[in-house]
Structure formats: C-alpha cells, structure tokens
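All remarks here apply to the structure that follows.
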Amino acid sequence: MYETTYHRPSSVDEAAALFSKGSDSKYLAGGHTLLPVMKQRLASPSDVIDLGRIKELVGIDVSGDALTIKAATTYFDILQSAEAKKTIPAIVHLTSVLGDPQVRYRGTIGGSVANNDPAADFPAAVLALGATIKTNKRTIAGDGFFKGLFSTALEDGEIITAISFPIPAKAGYSKMRHPASRFALTGVFVAQTKAGEVRVAATGASQNGVMRVPVIEAALKANWSAGALDNVTIPTDGLLADIHGSSAYRANLIKVMAQRAVAAAG
Amino acid sequence: MSTIKLTVNGKAVSVEVEDRTLLVHLLRETLNLTGTHVGCDTSQCGACVVHIDGQAVKSCTVLAGQAAGANVTTIEGISKGDELHPMQAAFRDNHGLQCGYCTPGMIMSSIDIVNRHGGKLDEETVRHELEGNICRCTGYHNIVKSVLDAAGRMKVAQAAE
Ligand SMILES: Cc1cc2nc3c(=O)[nH]c(=O)nc-3n(C[C@H](O)[C@H](O)[C@H](O)COP(=O)(O)OP(=O)(O)OC[C@H]3O[C@@H](n4cnc5c(N)ncnc54)[C@H](O)[C@@H]3O)c2cc1C
Ligand code: FES
Ligand code: FES
C-alpha cells in the first residue's frame, strides 16, 4: 500500500471539507473494498477520510412508508435491526448472504451502493425497491443512480448520507453465491410495490452492472407466481460471460433466481 | 506518522505508526504479537482475525487508525495464564488443527460465533458461520467438532461464573 494520510472526522461537513483539501481524497467507510484495492496498489489516495465513526451516518429508522438506513450502518447492524426485519425482511435476508461474518461486521450499505460493484447485492435492492439515495447535497432516485460498472451519479466528494427504501407489499431476494468470493454469480431481487407495480433487478449478470429485467416484470405483473416464469426466455445480449459461466448460463440463472425470490416473497 | 492509542489484550498501548499501517502489522511488527497471521492479500482467509470491541474482524483489512480508541483482543489475550480458553482446549482435544496456520483466526472467529449464538449452535450453523476462515489442512471436520464441543464448555463456564 502506498503512503496516505488518515483522517477521522466527526461530522459530515467536516468530512466534506477534509475531502476538498486533499489532492486525491477518498472516503473510507467499512474499508472492505477500498483497503483491498489500496493493498493491490490499484488505488493510492493522498488522503483517506473515515466516515465510519460519524454518528449522524449510523442508524435505521422507519417513518411513514419507508425504511431508512443511514450510509455508515454496517451489515451486522442491519441484521440485528427489528425494524428492518419487520418492514422489509428481504433486505435482512440479502444481508445474511452477503460476504462472511467478519465482512458483515465492517462493511456498510453506503460503501456498497457508492462502489457499485457489478456483483454486489445492495444495488439490486435499491433498484428493485425504487429506493432513494440521500446525499449531503441532494436526493437521487435509485433508478438514475447506477451508471455502469463501478460508477454512479455521485459527484466528486459527494457523501451518501442515507438510503430510503419504500416498504413494498412483497419482496424477495435469491442469489447464486460465487463459492470463493461470496459475491453474486447472479442475484435477483423481486418486489411488488404497495401501488401494485412489479420491479425486478438482477446483479452479477450484466456487463453493465445491476439492471432491471423487463420480461420478468411483465410476466409477474400478469401473474405473481414462480410458475409464471417457466416459459420466459431472458435475452443473452449484454450478459456477462467469464470463466465462471457463459451468458446463457447467467440468463438461465436470472430466471431461476427470480423464481426462488418470488417463492421467498410469498 | 500518527500516534495511536488503543487497548490490546487489556493493556493500554500508545504507538507511533505510518498512517497506511494495517492493524495486523501494528500487532505483529510493532507489538510483536505474532500469533495473528497473514494468510492472503485479499481479505478472504481469516488467518488474521482478532476481536475489535468484541467483534471478530479481519485485521488485515482495518487501518491501525481505525482501531484507535478500541479494545483489541488477539489469540495471545484469551487464556487465563496457563489455563487455555475453552475454545483453545477444545481445538486441542478434538485435533482441530494440523499445521496451525489458520488456527488463531479460527479460534477468534469461533469464540465470536459462540458469543452470538450461545448454546444453540448446530453443525450447519457452524459451517455457515466459518465461511470467512479458510483451512488448507483439516478438511474442517475436526474444526466444526471443536467449535461444537467448546460451545458446550463455554456454556458450562458461564453458568459457573
Ligand atoms: C471477502 C469479502 C467478501 C465480500 N462479499 C460480498 C458479497 O457477497 N456481496 C457484496 O455485495 N459485497 C461483498 N463484499 C464487499 C463488501 O460488501 C464491501 O464492504 C462493500 O462493497 C463496501 O462497503 P465498505 O463500507 O467496506 O466501503 P469502503 O471499502 O470503505 O468504500 C468503498 C467505496 O465507496 C466509497 N464510499 C464509502 N462510503 C461512502 C459514502 N457514504 N458516500 C460516498 N462514498 C462512499 C469509498 O470512497 C470507496 O470508494 C465482500 C468483501 C470482502 C472483503
Ligand atoms: S490475511 Fe486477513 S483475511 Fe487473509
Ligand atoms: S491447520 Fe493448516 S491451514 Fe488449518
């Protein structure tokens, strides 16, 4: 790892001010993506600004029709949350199959969403539930947030403060875990909103990162059941093909994971 | 360079390290606590697991600065003098190690697993919970046996306290 200067601010405003002072600053939350990348010398920030100890960035609450999880809340805290279990159990399930116990103690929802790894789990929940991303500058609709591999609508220095998930009528998540990394070989999040809209997002499958799956949405809109997907064909255009699986394999996984997610959603 | 104050195995320490120092290197190189191992460079093997404020984490993926002010426990800090921690004793009795490289991390993770699940552990849960720790020798069978055995011993020890 190259040399860097570590800062531990105690407020969002202080963090943003430190960020703009550094020549090539990076925020650090759980560090479970950034530190491995720095160890490989693929990133060498001049300044590392730790968001993990900022109290205003940690916490989970339910107000009105939404479950709001602040950005530096760890996966472990999400798993412990009675509010999350009661309102959107699919999010708790997603968290329980993310990484391993040690990763879940440190990794944060904000880090996952800001990083937008094409095989990460939380981007699928954000897109399928139609969540909104709150930052220190504005509110961004989940639909316009993810911009392809590892890139998002965030501007340089912008801090995610919270993610707000509308509480759905039904939701489920199912993923085929990569046996070594635990990331999604393909994961599918299905949701039926309280207004009756069906939204489905797949992660780990597309060359452009997380995506909606319109053919599955249409089939589930007509008939919300796993069986309704039996005859659906997922186009292979733009799907990932690598040593772990061909694009046809991933297309099939999208369907099978969607069926399991619907069964889990009830 | 920064001065970092933290508590390691119950003792207050204050050390000066470069900001890029990982917690595992502070422990091994500055404090000479070489029981904590480094087995990979990818945050996947769990040989480096220590407890930070009671939570089992991979110390190769934490900056020393992130641990400032925290209470860190390593494999050196769990026995009571010559009396092994029940998890250590169970690993010895059940032949839960061969080369021993993964063992400190296995033990620190396993203590955390028992702390979280109490006596309600079954084999499937132990296997699932050990996903962040890799062992290249044992085939895991005796590790799982050790953890289940220790869960019983730790319950008895707690009841006695
Ligand atoms: C062994 C292992 C297995 C894993 N398995 C999975 C898995 O199965 N599924 C999965 O989804 N992920 C997995 N991960 C990744 C893990 O979830 C990461 O912790 C997560 O992607 C990043 O969160 P973090 O808090 O650690 O972020 P960091 O590493 O601290 O930061 C990541 C990036 O986000 C930026 N950032 C962080 N917080 C904010 C914020 N609030 N506002 C703006 N920018 C911010 C940082 O600047 C950095 O660029 C795994 C990681 C490891 C090491
Ligand atoms: S050395 Fe830390 S996980 Fe391998
Ligand atoms: S005993 Fe050798 S790696 Fe586990």
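The values are calculated or read from the model by the stated rules, or taken from the named source; none is laboratory data. Given the structure is predicted, the values throughout are model-derived calculations rather than measurements. Neighbour counts run over all protein chains shown; Cβ positions are idealised from the backbone, glycine included.
Brief remarks follow.
- When B:Thr61, B:Thr21 are checked against the criterion of being at the interface with chain A (Cβ under 10 Å from one of its Cβ atoms), within 16 Å of ligand 2 (Cβ to nearest atom) and over 22 Å from A:Gly99 (Cα atoms), B:Thr21 stands alone in meeting it.
- Considering (1) more than 16 Å from ligand 3 (Cβ to nearest atom); (2) surrounded by fewer than 23 Cβ atoms within 10 Å (Cβ to Cβ); (3) touching a residue at least 40 places away in the same chain (Cβ under 8 Å), the lone condition that B:Val50 does not fulfil carries the number (2).
- Scanning the stretch B:74-114 for residues that are within 16 Å of ligand 2 (Cβ to nearest atom) and either part of a helix (DSSP H, G or I) or within 14 Å of chain A (Cβ to nearest Cβ) (or both) yields B:Ile75, B:Cys102, B:Thr103, B:Pro104, B:Gly105, B:Met106, B:Ile107, B:Met108, B:Ser109, B:Ser110, B:Asp112.
- Which listed residue, of A:Thr95, A:Thr87, A:Thr74, A:Thr68, is in contact (Cβ under 8 Å) with a residue 40 or more places away in the chain, closer than 22 Å to B:Glu129 by Cα and either away from ligand 3 (no atom under 16 Å from the Cβ) or within 14 Å of another protein chain (Cβ to nearest Cβ) (or both): A:Thr74
- Residue match in the stretch B:110-121 (condition: of a type in the set (D, E, K, R), over 14 Å from the mean Cα position of the chain (by Cα) and closer than 25 Å to A:Tyr105 by Cα): yes
- Matching entry among A:Ala169, A:Ala222, A:Ala226, A:Ala258 (being over 30 Å from B:Thr42 (Cα atoms), buried (at least 16 other Cβ atoms within 10 Å of the Cβ) and free of Cβ contacts under 8 Å to residues at least 60 places away in the same chain): A:Ala226
- In the stretch A:167-193, the qualifying residues are those that are among the basic types (Lys, Arg) and outside any loop (DSSP other than H, G, I, E, B), and the one that is nearest to the chain's Cα centre (by Cα) is A:Lys175.
- When A:Ser164 is tested against the conditions (1) surrounded by 14 or more Cβ atoms within 10 Å (Cβ to Cβ); (2) part of a loop (DSSP other than H, G, I, E, B), the lone failure is (2).
- Looking across the stretch B:68-111, just one residue is free of Cβ contacts under 8 Å to residues at least 40 places away in the same chain, over 30 Å from B:Lys5 (Cβ atoms) and among the small types (Gly, Ala, Ser), and that is B:Gly100.
- Only one of B:Ala160, B:Ala150, B:Ala67 that is away from ligand 3 (no atom under 16 Å from the Cβ) and within 14 Å of chain A (Cβ to nearest Cβ): B:Ala67
- From the list A:Ala15, A:Ala43, A:Ala72, the one residue that fits, being among the hydrophobic types (A, V, I, L, M, F, W, C), farther than 19 Å from A:Asn116 by Cβ and more than 16 Å from ligand 2 (Cβ to nearest atom), is A:Ala15.
- Looking only at the stretch B:19-41, residues that are within 16 Å of ligand 3 (Cβ to nearest atom) and over 14 Å from the mean Cα position of the chain (by Cα) come to 1 in all.
Matching residues to (1) in the same structural domain as B:Glu29 (by TED's automatic domain parsing); (2) buried (at least 18 other Cβ atoms within 10 Å of the Cβ); (3) more than 26 Å from A:Arg53 (Cβ to Cβ):
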{"site": "B:Gly69", "(1), (2), (3)": "yes, no, no"}
{"site": "B:Ala90", "(1), (2), (3)": "no, yes, yes"}
{"site": "B:Leu97", "(1), (2), (3)": "no, yes, yes"}
{"site": "B:Ile111", "(1), (2), (3)": "no, yes, no"}
{"site": "B:Leu130", "(1), (2), (3)": "no, yes, yes"}
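- Residue under evaluation A:Ile78, criteria (1) near ligand 1 (Cβ under 8 Å from one of its atoms); (2) buried (at least 23 other Cβ atoms within 10 Å of the Cβ), criterion not met: (1)
- Extreme residue, surrounded by the most Cβ atoms within 10 Å (Cβ to Cβ), among residues of the stretch B:136-156 that are of a type outside the set (A, V, I, L, M) and assigned to a helix (DSSP H, G or I): B:Ser146
- Residues of the stretch A:19-44 that are more than 10 Å from chain B (Cβ to nearest Cβ) and crowded, with 18+ Cβ neighbours inside 10 Å: A:Phe19, A:Ser25, A:Tyr27, A:Ala29, A:Ala43.
- Residue within the stretch B:3-11 that is at pLDDT 95 or above and within 16 Å of ligand 3 (Cβ to nearest atom) present: no
- Here B:Gly35 qualifies as outside any helix (DSSP H, G or I), more than 14 Å from chain A (Cβ to nearest Cβ) and under 17 Å from B:Cys135 (Cα atoms).
- Tally, over the stretch B:128-153, of residues that are without any contact (Cβ under 8 Å) to a residue 40 or more places away in the chain and away from ligand 2 (no atom under 16 Å from the Cβ): 8
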